[in-house]
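The values are calculated or read from the model by the stated rules, or taken from the named source; none is laboratory data. Just so we're clear, the structure is a prediction, and the values are computed from it rather than from any experiment. Methodologically, a virtual Cβ is constructed for each residue, glycine included, from the backbone with ideal geometry; neighbour enumeration extends over all protein chains shown. Ligands, DNA and RNA are excluded from the accessible area calculation, which covers all protein heavy atoms including side chains. Shrake-Rupley method; radii C 1.70, N 1.55, O 1.52, S 1.80 Å.
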Amino acid sequence: MFEKQVYISRRRKLMEKVGDGLILLLGNSEASCNYPDNQYQFRQDSSFLYFFGLDKPDLAAVLDPGTGEEWVFGDDVDIDDIIWMGPQPFIADQAAEVGVAHTAPFAKLADCLMEAQKKGRTIHFLPPYRNHNKLLLHRMLGLDFDRMKAGASTKLIEAVVSLRITKEPCEIEEIDKACNLGYAMHVTAMKMMRLGMVEQELVGVMEGVCRSGGVMTSFPTILSQHGETLHNHRHDAVLADGRLCVIDAGAEIASHYCSDNTRTLPTGGKFTQKQKDIYNIVLAANDYAREAAFPGVTYRDVHLGAAKIIVQGLKNLGLLRGDVDEMVAEGVQGLFMPHGLGHNMGLDVHDMEDLGENYVGYDPDQTRARQLGLGSLRMARRLVPGHVITDEPGIYFIPALIEKWKGEGHNARFINFDRLESYYDFGGIRLEDDLLITPKGARILGAKRIPITVEEVEATMYTD
Ligand code: GLY
Ligand code: MN
């Protein structure tokens, strides 16, 4: 938890921005897995954590921008709870630690909201994503389930995004720590990779490193020789010689700040020339993005600049032909990189995605493209100091997608489909760093960059 003043100041700013009505912020509850008492690891809602720092289930809060009054609702533990969980601080003491003066039992929340509704006051709430909280909103505000997302307060969403999107120095310190743990995860995998291992063995070791130094992974680990499947969560294959293994994994530390890195490793420890040729294009796109990421520049333009490097590189290898700018304008790069260059990162690995990707990743004057790849760009905004974003270009050879474009003749004048056939078993490459935008440009988060050049990766692998 940060200093009390951090939370007080965040809430004051939130109330100033919203200005009217009541602000309702719901924490998360425990979620049962396969029987009631066997629960998934508890994860607090990130906006609740941001404004209150209280990392416990079954809490909610109400802020009144009119009076500045702040309430936390929650129940103190009783003797039955203490038997199983040990003594717990009173809700009033927990709230006082983060500068909140008023507390009440959870059941009083419904009364508070009903009274406000009777007076015709607006109740601002964020889009719920957990069924437990949807049920609460249904019961307390009488909202239909299918209208809940639309009923969420745009004013509150925009206010929360405007605060959370630029990170304070205390947050950057935490993200640096998460990235250091991410470094340890990835370097461990590089050193331990051996032919004949099942992918899952490496996943287990990486996640062990993560859990030893943090609380959980920031998202389900991707570790696969089928890196052309962007979010491949199967880890049951045996590591075979001559393949590429995409490892996309990150840590979430005790404060819940995240890291997210991808490296692509040659399974046998040495890249083939064919692999190096593609790898170095992706690396050039990654380096370009970091160097181009400056305050005032849109990340959409950085995405398109990285796309240009990819298209130029594939043209140099004879896989594409034609004018590079024209190919980028037509979206040829989407065949090879059908995802965006990056996303915001913070308390969520895809920061604030629950609030709506366009609110988080797009300035009011920007609209989302429809093109394959660019249309998946989660962060397009004009960069400002304090943004924390990922830089994750990739090149993938997805046979089904190539065949589809070939069959439709889509962008056929630019693509050497015959040559592409020899890449059908290539897999994919993605290289991802986490960046902080500073007044002078971008810096890679964490004390050290995870080995990334061909030489660095080969020198690190098989050294355990
Ligand atoms: N690292 C997973 C993702 O960004 O989607
Ligand atoms: Mn990512």
Residues in the range 384-406: is at least one closer than 26 Å to residue 169 by Cβ, open to solvent by 20 Å² or more (accessible area, probe 1.4 Å), away from ligand 1 (no atom under 16 Å from the Cβ) and in contact (Cβ under 8 Å) with a residue 24 or more places away in the chain? yes
Those residues of the range 351-361 which are open to solvent by less than 40 Å² (accessible area, probe 1.4 Å) and either away from ligand 1 (no atom under 16 Å from the Cβ) or not charged (D, E, K, R) (or both) amount to 352, 355, 356, 360, 361
When you go through 311, 302 one by one, which is the residue that is within 16 Å of ligand 2 (Cβ to nearest atom), assigned to a helix (DSSP H, G or I), open to solvent by less than 10 Å² (accessible area, probe 1.4 Å) and touching a residue at least 12 places away in the same chain (Cβ under 8 Å)? 302
Among residues belonging to the range 262-275 that are within 22 Å of residue 333 (Cα to Cα) and in contact with a strand residue (DSSP E or B) (Cβ under 9 Å, 6 or more places away or on another chain), point out the one that is farthest from ligand 1 (Cβ to nearest atom). 275
Flag if residue 202 is among the hydrophobic types (A, V, I, L, M, F, W, C), more than 16 Å from ligand 1 (Cβ to nearest atom) and touching a Gly at 6+ places or on another chain (Cβ under 7 Å): no
Of everything in the range 407-425 that's aromatic (Phe, Trp, Tyr) and either touching a Phe, Trp or Tyr at 6+ places or on another chain (Cβ under 7 Å) or more than 15 Å from residue 336 (Cα to Cα) (or both), which residue is most open to solvent (accessible area, probe 1.4 Å)? 424
Only one residue in 163, 244, 181 is of a type in the set (A, V, I, L, M, F, W, C) and out of contact with any Gly (no Cβ under 9 Å at 6 or more places or on another chain), so which one is that? 163
I'd like to know if the range 260-283 contains one or more residues that are assigned to a loop (DSSP other than H, G, I, E, B) and touching a Lys or Arg at 6+ places or on another chain (Cβ under 7 Å). yes
I need the helices (runs of 4 or more DSSP H) fully contained in the range 150-249, keeping only those with at least 2 residues that are open to solvent by 40 Å² or more (accessible area, probe 1.4 Å) and without any contact (Cβ under 8 Å) to a residue 24 or more places away in the chain. 169-192, 199-213
